[in-house]
Amino acid sequence: MQIEFKNLYFNYNNNSEFKVTVLKNINYLINKNNITAIVGKTGSGKSTLTELINYFLKPTSGQVITDGFISENSTKLKFKVVNKLRKKIGYLFQFSENQLFEDTVIKDVSFGVKNFYPKDDGYEQKSKEALRLVGLDESFDSRSPFDLSGGEKKRVAIAGVIAYKPDLLILDEPTAGLDAQGKKEIMDLFKKIHETGVQIILITHDMNVVLEYADEMIVLDNGSIQKYGSPKEILKENVEKYNLETPHIYKTINALKEKGIVLNNVTDIPSLVTELKKHG
Amino acid sequence: MNEIIKLKNISYAYSNTRDALTDINLTINKGEDISIIGHNGSGKSTLAKLIAALLKPKSGNLYFNNVEINNKNTNLIRDKVGMVFQNPDNQFIGITVADDIAFGLENRRIPRDKMSQIIEEYSKKTGIYELLNKEPATLSGGQKQRVAITGILAMSPEVIIFDEALAMLDPRGKNEILKLIKDIKKNNSDITIIRITHDLDEAFYSDRIIVLSEGKIVNDNTPTEVFKEEDKLIKLGLDLPFIVKLNKELLKEGLIDKAIYDFDLLIEKLCK
């Protein structure tokens, strides 16, 4: 779905002395076929930007156009309209693993499906499919979410947003707190979901994940877009000034470059070793 | 070396269905900087909570400074073991940063004037003195964790447990806290640091690594020894730190003749 930001400004507490400007003059069109990463330090406005997409927040001025729905300050939010849009968007919040509340896993995952499609009695089947997809077998269905480990809870939360089959997934720090394999499994899963035609917007601090999975990235700093484009190009340069961590492999290439060894076509450790050998 | 924490045949279960930890035997010495790693659900956080006496073992014995901990003396541990959690927002109770740090001291009935003195002293050490009158909610992630750490330091702990305390921070916040932990250790070499972490790059620089899987300790060794067993780690859902992976490939291709785990030294060697 097409998402466009037009002259977008956003302030928290706009009408009080505690006014904080979070986003300043954002203009951007998110490519609908991509995995788009939004990156930036804590407080740079990443989550605010994504919360504007599905009407959790209204712009202070300017517009956000999501799938043809225009949101601006004067927009009256009608339940029917908002609900129609939110059905299409799966929003995985930061700390989503702390938001489970039902007494069984299957009930928790079904909650969204039932909410958006009250007349559909296939919710249990859809929820089960989602749970199998995130790698939780039948034995989890009737367990209490509160007996699960942090990583398992995260998977339940993910199942909850993919169960109602949204067109767009917004993922706020989906891999924080997961072990290496869990991180890879979850990101590979999102990639698989993306390949079935689901658009993905990803908020993360992990530049190694951005490099490996994202098609385009937006760097936010001080409420403005500082850079956008292909992660391979952006992360090669010094991104530390935006308080981002250079991926390990580029850190190594840059350190070698400073010492006079310039290597090209390096994307991972094997290609680094090959190029080093060529260099002699 | 003096032992500070000892777990003897400790098991724990959240429900009757399965044990979260089975027959754990572990001795931690005073002043150690130790990382506990393991896949999600391996029992890391449970182990941390048992050490902090926040959970009571199903069976087995816990010793703190050679005293066996039972129902009546958990205060021995609570007073001396501080814990920093992953989500800083879950651990604030004060209206201002200063109030928050004061909470623990009030519980210990420290007189008011002495309390302000302690708060001032420790907030300067952790670099949050300027933030004392702010609302915790307005701070950045790294600042919040520093407040949490200050509250713990003010209680003069013997052990600090960091339970995924860096997982939600951006690189700046992460580096801030890593440096702070280093400083704490430098100022007081007797303090014992326990890190529960998924960040293998962080674990690599501690003195000792405990690897947990399915509620059991499967390895307990120095970082270089632990990371030698790559296949075993990958089977457990873990990975190798980047620097170890890089060294391995370089060694295999004969570009270096022995492993160099310091990044700058490695780069220098490659440029020769």
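I'd like to verify a number: residues in segment B:23-42 that are touching an Asp or Glu at 6+ places or on another chain (Cβ under 8 Å), surrounded by fewer than 21 Cβ atoms within 10 Å (Cβ to Cβ) and more than 14 Å from B:Ile210 (Cα to Cα), how many?
2
Restricting attention to segment B:178-200, report how many residues are surrounded by fewer than 14 Cβ atoms within 10 Å (Cβ to Cβ) and among the acidic types (Asp, Glu).
The total comes to 2.
Just give me the residues in segment A:122-173 being under 30 Å from A:Asn31 (Cβ atoms), away from chain B (no Cβ under 14 Å) and assigned to a loop (DSSP other than H, G, I, E, B), in sequence order.
A:Ala163, A:Tyr164, A:Lys165, A:Pro166, A:Asp167
Okay, residues lined up against (1) more than 10 Å from chain A (Cβ to nearest Cβ); (2) assigned to a helix (DSSP H, G or I); (3) among the polar types (S, T, N, Q); (4) over 26 Å from A:Lys241 (Cβ atoms):
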| site | (1), (2), (3), (4) |
| --- | --- |
| B:Glu130 | yes, yes, no, no |
| B:Asn133 | yes, no, yes, yes |
| B:Ala137 | yes, yes, no, yes |
| B:Gly142 | no, yes, no, no |
| B:Gln145 | yes, yes, yes, no |
| B:Ile152 | yes, yes, no, yes |
| B:Ser156 | yes, no, yes, yes |
| B:Ile161 | yes, no, no, yes |
| B:Ala167 | no, no, no, no |
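Residues checked against (1) polar (S, T, N, Q); (2) surrounded by 17 or more Cβ atoms within 10 Å (Cβ to Cβ):
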{"residue": "A:Gln181", "(1), (2)": "yes, yes"}
{"residue": "A:Phe190", "(1), (2)": "no, yes"}
{"residue": "A:Gly197", "(1), (2)": "no, no"}
{"residue": "A:Ile201", "(1), (2)": "no, yes"}
{"residue": "A:His205", "(1), (2)": "no, yes"}
{"residue": "A:Tyr213", "(1), (2)": "no, yes"}
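List the helices (runs of 4 or more DSSP H) inside segment B:177-272, counting only whole elements, that have at least 2 residues being within 11 Å of chain A (Cβ to nearest Cβ) and at negative phi.
The helices (runs of 4 or more DSSP H) meeting that bar are B:200-204, B:230-235, B:242-252, B:263-271.
This table checks each residue for (1) out of contact with any helix residue (DSSP H, G or I) (no Cβ under 7 Å at 6 or more places or on another chain); (2) not in a loop (DSSP other than H, G, I, E, B).
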{"residue": "B:Ile5", "(1), (2)": "no, yes"}
{"residue": "B:Ile28", "(1), (2)": "yes, yes"}
{"residue": "B:Lys49", "(1), (2)": "yes, yes"}
{"residue": "B:Asn71", "(1), (2)": "yes, no"}
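Can you go through A:Ile234, A:Ile218 and tell me which one is among the aliphatic types (A, V, I, L, M), more than 12 Å from chain B (Cβ to nearest Cβ) and over 24 Å from B:Gly141 (Cα atoms)?
Step by step, each of A:Ile234, A:Ile218 is checked, and only A:Ile234 is among the aliphatic types (A, V, I, L, M), more than 12 Å from chain B (Cβ to nearest Cβ) and over 24 Å from B:Gly141 (Cα atoms).
For the condition within 16 Å of the chain's Cα centre (by Cα) and either modelled with pLDDT of 90 or more or within 29 Å of B:Asn2 (Cβ to Cβ) (or both), what is the one hit in B:Ile267, B:Ile194?
B:Ile194
Against the condition in contact (Cβ under 8 Å) with a residue 24 or more places away in the chain, among the basic types (Lys, Arg) and out of contact with any Asp or Glu (no Cβ under 8 Å at 6 or more places or on another chain), how does B:Lys186 come out, does it pass?
no
Within segment A:100-121, is even one residue within 12 Å of another protein chain (Cβ to nearest Cβ), buried (at least 20 other Cβ atoms within 10 Å of the Cβ) and either in contact with a helix residue (DSSP H, G or I) (Cβ under 9 Å, 6 or more places away or on another chain) or not in a loop (DSSP other than H, G, I, E, B) (or both)?
no
Every residue, every condition in (1) surrounded by fewer than 16 Cβ atoms within 10 Å (Cβ to Cβ); (2) out of contact with any helix residue (DSSP H, G or I) (no Cβ under 7 Å at 6 or more places or on another chain); (3) acidic (Asp, Glu), yes or no:
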{"residue": "B:Phe64", "(1), (2), (3)": "no, no, no"}
{"residue": "B:Asn87", "(1), (2), (3)": "no, yes, no"}
{"residue": "B:Arg108", "(1), (2), (3)": "yes, yes, no"}
{"residue": "B:Arg112", "(1), (2), (3)": "yes, yes, no"}
{"residue": "B:Met115", "(1), (2), (3)": "no, no, no"}
{"residue": "B:Tyr122", "(1), (2), (3)": "no, no, no"}
{"residue": "B:Leu131", "(1), (2), (3)": "no, no, no"}
{"residue": "B:Leu139", "(1), (2), (3)": "no, no, no"}
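Here is a yes/no grid of residues against (1) part of a helix (DSSP H, G or I); (2) among the hydroxyl-bearing types (Ser, Thr, Tyr):
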residue: A:Thr21; (1), (2): no, yes
residue: A:Lys32; (1), (2): no, no
residue: A:Thr36; (1), (2): no, yes
residue: A:Tyr55; (1), (2): no, yes
residue: A:Pro59; (1), (2): no, no
residue: A:Asn73; (1), (2): no, no
residue: A:Lys80; (1), (2): yes, no
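For segment A:267-279, which positions are facing another protein chain (nearest Cβ under 10 Å) and either of a type outside the set (D, E, K, R) or exposed (fewer than 11 other Cβ atoms within 10 Å of the Cβ) (or both)?
Selection gives A:Ile269, A:Pro270, A:Leu272, A:Val273, A:Thr274, A:Leu276, A:His279.
Go through segment B:157-177 residue by residue and tally those that are at pLDDT 90 or above and among the aliphatic types (A, V, I, L, M).
Count: 3.
Limited to segment B:233-272, what total is found for residues that are in contact with a His (Cβ under 8 Å, 6 or more places away or on another chain) and either among the small types (Gly, Ala, Ser) or surrounded by fewer than 18 Cβ atoms within 10 Å (Cβ to Cβ) (or both)?
1
For B:Phe85, indicate whether it is in contact with a Leu (Cβ under 6 Å, 6 or more places away or on another chain) and at pLDDT 85 or above.
Taking the combined requirement at face value, the residue does not satisfy it.
Which one of the conditions (1) assigned to a helix (DSSP H, G or I); (2) at positive phi does A:Thr48 fail to meet, given that it meets all the rest?
(2)
Within the bounds of segment B:7-23, is there any residue that is part of a loop (DSSP other than H, G, I, E, B) and among the β-branched types (Val, Ile, Thr)?
yes
Check off (1) among the hydrophobic types (A, V, I, L, M, F, W, C); (2) out of contact with any helix residue (DSSP H, G or I) (no Cβ under 8 Å at 6 or more places or on another chain); (3) in contact (Cβ under 8 Å) with a residue 60 or more places away in the chain for A:Ala214 and give me the number that stays unchecked.
So the condition that A:Ala214 fails would be (2).
Would you call A:Gly197 at the interface with chain B (Cβ under 10 Å from one of its Cβ atoms), assigned to a loop (DSSP other than H, G, I, E, B), of a type in the set (Gly, Ala, Ser) and at positive phi?
When the stated conditions are applied, A:Gly197 does not pass them.
Taking only segment A:227-266 into account, find how many residues are without any contact (Cβ under 8 Å) to a residue 60 or more places away in the chain, surrounded by 14 or more Cβ atoms within 10 Å (Cβ to Cβ) and not in a helix (DSSP H, G or I).
The qualifying residues number 8.
The values are calculated or read from the model by the stated rules, or taken from the named source; none is laboratory data. None of the values given here were measured: they were computed from a predicted structure. So basically every Cβ, Gly included, is an ideal-geometry build from the backbone, and we count neighbours across all protein chains shown.
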